[in-house]
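What follows is calculated from the coordinates using simple rules that are stated; it is not laboratory data. The shown structure was predicted, so the numbers you read here are calculated from the model rather than taken from an experiment. Methodologically, a virtual Cβ is constructed for each residue, glycine included, from the backbone with ideal geometry; neighbour enumeration extends over all protein chains shown.
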Amino acid sequence: MPAEENMKKIIFAGLLLTQLSLAAQEVRDLDSIVIVATQAAKDSPVAHSRVKREELERIAPTQNLPFALALTPGAVVVGENGTGTGYAYLRIRGSEGSRTQVNLNGIALNDAESQEVFWVNLPSLSGFLENVQVQRGVGTSVNGSGAFGATINMRTLYQSPGPYAQLQASYGSFNTWNFTVGVGTGTGSLFLPRGLAVDIRYAHNRTDGYIRNGHGNLHSLFTRVSWIRPHYSLKLYYIYGEQHTGITWEGIPREKLAIDRRYNPAGEYTDSQGTVHYYPNETDNYTQHHIQLNHSRRFAHNISWSNTLHITKGDGYYENYKQKSSGDHIVRRSMDNIYTAFSSIGSWTFTGAGKSAGSGEVLLGLNYAFYDGQHFGLITHQTEKPDFTNAGEYYRNLGIKHDASTFLKGTYQIPLGSNRDNALKFFADMQYRYVGMHMEGEDSDGGPLTHETALHFFNPKAGITAIINKDHQIYASAYTGSREPSRSDIKESIKAGRTAALKPEKMLDFEGGYRFLSGNLMLGVNLYAMEYRNQLVPTGKISDTGYEIKENVPVSYRRGVEIEAGWQVLPQLRLEGNACFSRNKIKDLTLYLDTYDHPDAWNPARPQVTEYYELTDLVYSPSFTGVALASIKPFVSGKSLFRNLEAVFTARFVGKQYFDNTSSADRSLPAYQVLGLTLSQPFKTKKAGTLTVSLFADNLLNQQYCASAWAYRAAFRDTGTVDVTEGFYPQAGFNAMIRLSWEWGN
């Protein structure tokens, strides 16, 4: 009898495992129907890197997503408050955030006006993601504002076949802590209809920050309801982000770096007795609601269709103390916007008959997005206990943007000879994009913002990959990219009366290289030349009415080589690294300095002082970046309790970079290196799940470095001198965090 009961248990367990295995396979297959058409295939002629879920978990849970991508080639990250928990920025090959396309499940997240993604509005986002692909250069066609230097494609977590629960608690330097809880039913749940699943994950972060007033109070929520059947899926996502942070964007003066690296001038004012005070509510506050509804359908084994409706509702404000000769006051500048987008993508794969026949895939995409953004400001002279309930509105303006695009892309692979491991793969991609923009109202300084424009872009792309013995790939490609001016570019040109002179930016991107992929070794070399036409750069020129004018520079470029390598030396040791060498130049640049009569008076004078540069460096573009990583699992081959212990050592190197376009050593940031360590030890149990203890340590050598800075220069006519105002963003010294996490299921 006991043997019979044991047999029943074995049969039941086998059936359950089979059910979960089939559910997992079904989930993966159906997830592939949700076509993320912006992602590049591993053998495509596009320079790209994939960051997997386990790699995303190697950063402190309070750091924003750019820090999870800091080890990808050519990446430079900046944390405004010194730690990466507040405003964080990512530059790839020197291209800033407004030139980087960011997609979540194939839908663009870039703000329609600034073209940026403000990562602080989506805290703990890396915990919601299955993987992230970073494409360098123009990359493949996208929905949205269009990549002009890089593309970041994020994919949310795969559906779990079975129920699960998660709990995390973290604490670290600068009184930083995180609490995360998540639960999911799984698609093979015993108490819901098969295929129906619900996932919920909530995270709360708090920090004092490294910089004074760099505090943050951040919330995020990820929810998903899925209905997955053998030939179709329906998924509803709701993602919520809420941020309350202190203002840190001013940077700190050079003279303060040696005295108090944690100084922050935001909110500083002096009373009638000469005492310095700080306004306590110098804060930035914003919330975002993201809703995605996706329906995917497989009509046959080789035809699928995916449609996604996306809505983002955002609103918030920042509050500033202003000390003026006309009287101290407090302003609250607000935004209230809504962004809606619809994307439809179809896929057809085909294979010819016969051993020598080719195979391929064709993708057709359609996208439309509409943005409605209100900007308005309130002002009060109640500086002690400000009340904005009845405060006067001193400006309001409206921005509307229509963005429609379509692309047709295809790949075709033909075998070379009888060995199907040798093949040529051709890639072609054509994108048409229409952008319509409308602005009205007045800006915060009273300047009118009346503008109407329509732009049409055509961006063809083509490439070829030679696959040799399956492991070797040689590729070459040429891509074109186009980009419309941002809201700030347009509004200053409106007030300066120079909108007719403002042109869209264009780029031709040449990429070529070699990849070797085997079981324990990876090598890659990529050469690139990004040739810009009419790139918009700040020249310092102002109009007759005093507004700064960004001008199109006729010729500029980024050219370089990227080297990547990875080697599984032993089961206990893996080594990885990359290095990027580049030249990033502007040809024939004329800069204009604001000009005043005398340093004691600061009365505006004309004409402006000019400076000419025949060849100069692009701002924020180091000629060298590098990464080294060593993953050590000392007991992986044994049966010890610590067989899953992992230690990951990282080193990031960033070369000298300039923070204006003059190539002046006086306005440059020295090269720096940052060493990090992550320790992780999971303890698995048969019934109670897995408890994992993790330690995150950064800047192990306590380097005193600045990751970014800005400069403003003014010339004085009477003295022939130049005044320089600067702001620096120092990063935290040695800092650490410990995390306890528990997971059951999955």
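Listed values, structure above:
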{"item": "For the stretch 446-499: relative contact order, % (alpha-carbon pairs under 8 angstrom, 6 or more apart)", "result": "38 percent"}
{"item": "Helix-derived mean residue ellipticity, 222 nm - over the chain, DSSP H n ≥ 4, -39500 (n - 2.57), to 500", "result": "-2000 deg cm²/dmol"}
{"item": "Alpha carbon centroid spacing (whole Å) that separates the stretch 100-116 from the stretch 360-402", "result": "16 Å"}
{"item": "Simple spin-label estimate for GLN572 and GLU531 in nanometres, 7 Å along Cα-Cβ", "result": "5.3 nm"}
{"item": "Alpha carbon centroid spacing (whole Å) that separates the stretch 697-746 from the stretch 412-454", "result": "33 Å"}
{"item": "Efficiency of FRET between TYR394 and THR287 - r from beta-carbon atoms, R0 25 angstrom, step 0.05", "result": "0.60"}
{"item": "Note, ³J(HN,Hα) from phi for the stretch 432-442, Karplus 6.51, -1.76, 1.60, rounded to Hz, x at Gly and Pro", "result": "10, 9, 10, 10, x, 10, 9, 9, 7, x, 10"}
{"item": "Within straight-line cross-link reach of LYS639, lysines at Cα separation under 29 Å, skipping those fewer than 8 residues along the same chain", "result": "LYS9, LYS52, LYS684, LYS686, LYS687"}
{"item": "Inter-site label distance for TYR412 and TYR171 at 7 Å from Cα along Cβ, in nm", "result": "6.4 nm"}
{"item": "Relative contact order [Cα under 8 Å, 6+ residues apart], the chain, whole percent", "result": "10 percent"}
{"item": "Set of the stretch 323-348 residues, backbone N closer than 18 Å to the point 7 Å along the Cα-Cβ line of ALA428", "result": "347-348"}
{"item": "Centre separation in Å (Cα based) which lies between the stretch 555-612 and the stretch 621-637", "result": "25 Å"}
{"item": "Correct option for Cα extents along the principal axes in Å [calculated from the coordinates] among (1) 84, 76, 51; (2) 100, 57, 49; (3) 82, 54, 52", "result": "(2)"}
{"item": "Degrees separating the helix 2-33 axis from the principal Cα axis of the chain, which is the longest one", "result": "40 degrees"}
{"item": "Qualifying aspartates and glutamates (Cα of each under 13 Å from Cα of LYS585; at least 8 residues distant if same chain)", "result": "GLU531, GLU614, ASP617, ASP660"}
{"item": "Dipole of the chain, positive end: most advanced residue of SER173, SER356, THR85 [Cβ charges, Cα centre]", "result": "SER356"}
{"item": "Pair ALA601, LYS684: separation of 7 Å Cα→Cβ label points (nm)", "result": "7.9 nm"}
{"item": "Three-way shape label, the stretch 628-682, alpha-carbon gyration tensor, a/c 1.5", "result": "prolate"}
{"item": "Theoretical FRET efficiency, 1/(1+(r/R0)^6), r = Cβ-Cβ of GLN323 and ALA500, R0 25 Å, to 0.05", "result": "0.05"}
{"item": "Cα-centred dipole magnitude for the stretch 166-236, charges only on beta-carbon of K, R (+1) and D, E (-1), debye, nearest 20", "result": "220 debye"}
{"item": "Rounded to 10°, Cα long-axis angle of helix 487-496 versus longest principal axis of the chain", "result": "20 degrees"}
{"item": "Full-stretch length increase - PHE516, ALA630 - with 0.36 nm per residue and alpha-carbon distance subtracted", "result": "39.0 nm"}
{"item": "Cut-off 15 Å between beta-carbons: net charge of the residues surrounding ASN699, Lys and Arg +1, Asp and Glu -1", "result": "+2"}
